[in-house]
Amino acid sequence: MAGAAPDARPRAHFHDPKPRYPMKRTIFNNQLLPWLLLAPQLIITFVFFLWPAAQAVRQSFLREDAFGTRTTFVGLDNFIRLWNSPEYLNSLQVTAVFAISVTALSMGVSLLLAIAVDRMIRSTRAYTTLLVWPYAVAPAVAGILWWFIFNPTIGIMPYVLGQLGYDWNHISNKGDAMTLVVIASAWKQISYNFLFFLAGLQAIPASLREAAAIDGAGPVRRFFDITFPLLSPTTFFLLVVNIVYAMFDTFAVIDATTEGGPAQATNILVYKVYFDGFVGQNLGSSAAQSVVLMVLVAALTVIQFRYVEKKVAY
Amino acid sequence: MIENRPYLNALAHLTLILGVCVVALPVWIAFVASTHGATDFMSGTIPMWPGPHLVENYSQMLGGGLSTSGTPPVGTMMLNSLIMALCIAIGKIAISVLSAFAVVYFRFPLRGLAFWCIFITLMLPVEVRIVPTFQVVADLGMLNSYAGLSIPLIASATATFLFRQVFLTIPDELTEAARIDGAGPMKFFRDILLPLSRTNIAALFVILFIYGWNQYLWPLLITTSSDYYTIVAGIKRMADAVDGLPQWHLVMATAMLAMIPPVIVVIGMQRLFVKGLVETEK
């Protein structure tokens, strides 16, 4: 192209090391004012985030006796007990199965729907509207809705499954209970994944797929050789977000449907922290579980920030 | 679309129609259930088409509530939810916009530390540190109050990051011009920064309103007086009481009422909602 400007945007920041906390060239010089501006955020963060987190860490090294009168320092004993507790190991396993199932089901369905919408020309917006609203439904309400559908006595699904010869009962059957909470949690997350997949698909230049089509690649081949690899940053990002969602935001779904039962079959880690702390009143163990969860969230957050950011910006 | 393949188009439409139906199924069933009378559920499975009791059920729930479950009228709970959602959304935006302004436009000692204090809240969701947070709120005497419902949830690293991102894209020339014209930092903030970030604030508001409305565990724990029950947490109390005496039509009417406001927000402000969703994850 004659006369095209050389890349108009300065690329300097690719060579210069980025400043650690970017800020403005032109700034204001007050010293007190920034602290006043930060004060509300910092006070709330300290009182309701850092202080309780520190308390959790402190309590995880302590144990109260049965009457709550004496607390003793027990070192890492609470953690060792967790590690040796079959219930906790079961909860870890349940969480893993639950998180993987929710992520796979929700992302699979969303990707399928996003690919279908991406083909549309005139109806994109209509379909999008019809698919995004479950985002607004509270997880607790989603739980109640699916619980009602699967209610063994009056629900519609057990009736249909009964006709097919399957006797559904999530109140006594572990597998049924897990299926129920997975479906309810995945349903709620479909709209989120769908929006991000659709945005990812629409960002792939049509020319690439056109070129492949001219070279004779069919729709399936184009998907696996071009679309899916180019979508991988979105996929990876959603993978992390969905695992975080399944592990930490599904408390309400579990509480509204199975309450961790039957026989601990759906007792995921966040539910167990709550149950042991508030119902079981086992503060030391609950605190140790909180600490384990904080480490897990921290690791996932770091992955999300470090790895995802790099991959997205290729 | 790259090439015209009629059978693929048909397949895509079919997939989508099926998907839309599956996504809508639970809400349809809840709606149908909420339009029937109590006796319609005795006969076995739930009916598939709406019944004649819509107005009756909804007006009973809004005005009177389900007395057997100890929950107040749904109208009261919806008002509580609205207050909580608005406090959380407005509170989060207010404190985040201020702290982002401080972090971006001032250079002061310990700036990095302040930044990290905010960042770390990302790693501490309330479910994870629930017991000690409850103790703090109990010690502060904030149980059963709107302050207790909203303030512990309003610190937000995501919102602070979003505004920081927005402020970083605002040209320095505007700041220079404002300073030459003699504007102080707060005047600059009020007259230039806030108007320029208006759409971002609106988009974030949509997301945060939904976040606040849908809170469950926190309100469930810290409200013991029924005057402060929120609707999302109240449904569970209602469904628990229902186990003995099936009042499914009323519970489902409440579930419908609990999801109507946020769903209206999402559908009515779809553009802002999508913008907010994508931006907060950047």
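FYI, it's all coordinate maths here, none of it is from the lab. Since the model is a prediction, treat every value here as computed from it, not as a measurement. Positions of Cβ are backbone-derived with ideal geometry, glycine not excepted, and every protein chain shown enters the neighbour counts.
For this structure, a couple of remarks:
- Placing unit charges on the Cβ atoms of the charged side chains and taking the dipole of the stretch A:77-312 about its Cα centre, the candidate lying farthest along the positive direction among A:Thr257, A:Pro233, A:Gly284 is A:Pro233.
- Annotation: amide H-H contacts under 5 Å for A:Leu62 (H modelled 1.01 Å from N, sequence separation of 5 or more, or interchain): A:Val74.
- Packing, as the average of other Cβ atoms within 10 Å across residues, places the peptides B:160-173, B:216-229 in the order B:216-229, B:160-173, highest first.
- Long-range amide H partners of B:Thr71 with built H, under 5 Å: B:Leu66
- Value of Rg to Rh for the stretch A:108-254, rounded to two decimals, is 1.07; Kirkwood radius and Rg both from alpha-carbon coordinates.
- Debye intensity ratio in log₁₀ form over the Cα atoms of the stretch A:221-264, taken at each q of 0.14, 0.16, 0.27, 0.31 Å⁻¹: -0.53, -0.60, -0.90, -0.98
- Taking the inverse of the mean 1/r over every pair of distinct Cα atoms in chain A gives a Kirkwood hydrodynamic radius of 23.6 Å.
- Inter-chain Cβ neighbour count for A:263-275, averaged per residue, equals 2 (cutoff 10 Å, partner chain atoms only).
- Within the listed set A:Pro262, A:Pro34, A:Pro219, the residue fluctuating most in the Gaussian network model of chain A (springs between alpha-carbon atoms under 10 angstrom) is A:Pro34.
- Residue-wise HN-Hα coupling along the stretch B:48-56, computed from phi with Karplus coefficients 6.51, -1.76, 1.60 (Hz; x: Gly, Pro): 9, 10, x, x, x, 9, 3, 4, 4
- Among A:Val181, A:Val253, A:Val57, the residue with the largest mean-square fluctuation in a Gaussian network model of chain A, with springs joining Cα atoms closer than 10 Å, is A:Val57.
- In sequence order, calculated HN-Hα J values of the stretch B:258-271 (Karplus, 6.51, -1.76, 1.60; Hz; x Gly/Pro): 5, 9, 4, x, x, 5, 4, 4, 5, 6, x, 10, 4, 4
- With the biggest extent put first, the Cα atoms of the protein assembly as shown measure 77, 74, 51 Å across the principal axes.
- Between the beta carbons of A:Ala54 and B:Leu194, assuming R0 = 30 Å, the FRET efficiency works out to 0.30 to the nearest 0.05.
- Restraint check, A:Lys24/B:Lys275; A:Lys188/B:Lys92; A:Lys188/B:Lys236, Cα-Cα greater than 20 Å: A:Lys24/B:Lys275; A:Lys188/B:Lys92
- Expected 222 nm ellipticity per residue - DSSP helices of 4 or more, -39500 (n - 2.57), all of the protein assembly as shown, to 500: -20000 deg cm²/dmol
- Shielding by other protein chains, B:5-16, mean Cβ within 10 Å: 4
- Shielding value for B:189-197 is 0, the average number of Cβ atoms from other chains within 10 Å of each residue's Cβ.
- Peptides B:267-273, B:129-135, ordered by how many other C-beta atoms sit within 10 Å of their residues on average, highest first, read B:129-135, B:267-273.
- When peptides A:43-53, A:128-138, A:151-161 are ranked by their average number of other Cβ atoms within 10 Å per residue, the highest-first order is A:128-138, A:43-53, A:151-161.
- Comparing mean-square fluctuations of B:Ile210, B:Ile95, B:Ile231 from a GNM of chain B with C-alpha springs under 10 Å, the top value falls on B:Ile95.
- Dipole of the stretch A:77-312 computed with +1 at Lys/Arg Cβ and -1 at Asp/Glu Cβ about the Cα centre; of A:Val182, A:Phe79, A:Trp168, farthest Cα towards the positive end is A:Val182.
- Taken over the Cα atoms of the stretch A:80-179, the convex hull encloses 156 Å³ per residue.
- Computed from label points 7 Å out along Cα-Cβ, the spacing between B:Glu176 and A:Phe228 is 5.2 nm.
- Whole-Hz Karplus values for the stretch B:91-105 come out as x, 4, 5, 4, 6, 6, 5, 5, 6, 5, 4, 4, 6, 8, 9 Hz, taken residue by residue from phi with 6.51 cos²θ - 1.76 cosθ + 1.60 and θ = phi - 60°; glycine and proline positions read x.
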